[in-house]
1. Going by the conditions given, is residue 140 near ligand 2 (Cβ under 10 Å from one of its atoms) and assigned by TED's automatic domain parsing to the domain that holds residue 103?
2. Condition test on residue 284, is it more than 16 Å from ligand 1 (Cβ to nearest atom) and free of Cβ contacts under 8 Å to residues at least 12 places away in the same chain?
3. Out of 102, 132, I need the residue that is in contact (Cβ under 8 Å) with a residue 24 or more places away in the chain, within 12 Å of ligand 2 (Cβ to nearest atom) and either touching a helix residue (DSSP H, G or I) at 6+ places or on another chain (Cβ under 7 Å) or more than 17 Å from residue 82 (Cβ to Cβ) (or both). Which one?
4. Tally time: how many residues in the stretch 179-202 are within 15 Å of ligand 1 (Cβ to nearest atom) and either closer than 23 Å to residue 121 by Cα or free of Cβ contacts under 8 Å to residues at least 12 places away in the same chain (or both)?
5. Quick check on the stretch 22-45: of everything there that is part of a loop (DSSP other than H, G, I, E, B) and within 19 Å of the chain's Cα centre (by Cα), which residue is surrounded by the most Cβ atoms within 10 Å (Cβ to Cβ)?
6. Given the residues 219, 254, which is the only one that is closer than 23 Å to residue 101 by Cα and either at pLDDT 95 or above or surrounded by fewer than 22 Cβ atoms within 10 Å (Cβ to Cβ) (or both)?
7. Checking residue 211 against (1) farther than 18 Å from residue 308 by Cβ; (2) more than 13 Å from ligand 1 (Cβ to nearest atom): exactly one of these is not met. Which one?
8. Being in contact with a helix residue (DSSP H, G or I) (Cβ under 8 Å, 6 or more places away or on another chain) and within 12 Å of ligand 1 (Cβ to nearest atom): is that true of residue 254 here?
Ligand code: NAD
Ligand code: LMR
């Protein structure tokens, strides 16, 4: 089990827009005109920790900004067109990146690499130049590769701080809570499942043994739930039938993670949530990025929590995760090295 205090923190961190004393921040969304970007911008406009919202896209961001700016919360909203990326990044504390193409049925997330790797690389280079101290939240897939890409670009530019780069894996946590609660009849808000590893298929490792509601699940019910959490993205891709992948649930998950980070940056204690970061946990196996419960604080990553004891089934899931994850990470690094 994770320690009681970490579990309590995971529960506490799973609320959208929990507030204490708000210290407000400037947040940018790169890809704000897209399926995720639009509802994410809406939700960030509602976040009391956001004082200013900078919306950028190669298409349509000024329109989204004009629309969202009429909502009666105090934050300022500005939209920036394709040629105004540097302006969009000026003075930002947090940059959220949902820019890039989504999957169609039959595709893996890795199939998006060819298009999204260069989009993310170029955005990271601009952040490194204009707002090198910003915290970067990467949503664009394949997250297992795009996070190493962003990190390597910043490293090349001499401005990399591993405490400030995050792959957003919150949707896996959200799905795990919802899907498990559907089986057990529990309140999803109190059904907290640590999901570790990476963000695609077998690299997604839900730790059901560490939850009150999930620890007694066995056999077919256990196997089915694990499969549903690992391949929840495919459910949406199939249902959207060529029109993209999860956007609304992702916007919710992205807004929730952004809020958790902003609360940590503001000095709130006990903000712990899984996210894909530079991690020492499996570095001895050549895997230097991994998602595990991370404590967020004034500098970003405050503490990388270990996984805690795993059940024999979870040991097997982890064994299947590691080789795939390693390949995805190496692919991202190699892309930047060759760029
Ligand atoms: P979308 O096509 O609806 O929107 C993407 C937006 O990015 C578009 O508005 C496009 O104009 C913009 N864009 C493209 N190149 C850009 C650039 N260089 N600079 C700024 N903006 C640019 O796609 P979507 O459904 O919003 O998905 C976006 C990405 O998020 C995809 O890669 C998808 O796979 C990923 N995703 C990740 C998760 C996760 O859990 N991390 C969940 C869902 C989707
Ligand atoms: C998800 O998990 O929904 C996203 O990663 C999008 C996808 O391609 O499935």
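The values are calculated or read from the model by the stated rules, or taken from the named source; none is laboratory data. Keep in mind it's a predicted model, so treat the numbers as computed, not measured. Here Cβ is always computed from backbone atoms with ideal geometry, including for glycine, and neighbour counts include all displayed protein chains.
1. Values: near ligand 2 (Cβ under 10 Å from one of its atoms): yes; assigned by TED's automatic domain parsing to the domain that holds residue 103: yes.
Yes: the conditions hold for residue 140.
2. Working: more than 16 Å from ligand 1 (Cβ to nearest atom): yes; free of Cβ contacts under 8 Å to residues at least 12 places away in the same chain: yes.
It is true that residue 284 is more than 16 Å from ligand 1 (Cβ to nearest atom) and free of Cβ contacts under 8 Å to residues at least 12 places away in the same chain.
3. Criteria check complete, one pass: 102.
4. Count: 4.
5. Within the stretch 22-45, the subset part of a loop (DSSP other than H, G, I, E, B) is 22-24, 31-36.
This time we only want the ones that are within 19 Å of the chain's Cα centre (by Cα), so: 31-36.
Numbers: 31: 27, 32: 32, 33: 23, 34: 27, 35: 19, 36: 28.
That would be 32.
6. Values: 219 fails: closer than 23 Å to residue 101 by Cα.
Exactly one of 219, 254 is closer than 23 Å to residue 101 by Cα and either at pLDDT 95 or above or surrounded by fewer than 22 Cβ atoms within 10 Å (Cβ to Cβ) (or both), namely 254.
7. Every condition holds for residue 211 apart from (1).
8. Values: in contact with a helix residue (DSSP H, G or I) (Cβ under 8 Å, 6 or more places away or on another chain): yes; within 12 Å of ligand 1 (Cβ to nearest atom): yes.
When the stated conditions are applied, residue 254 passes them.
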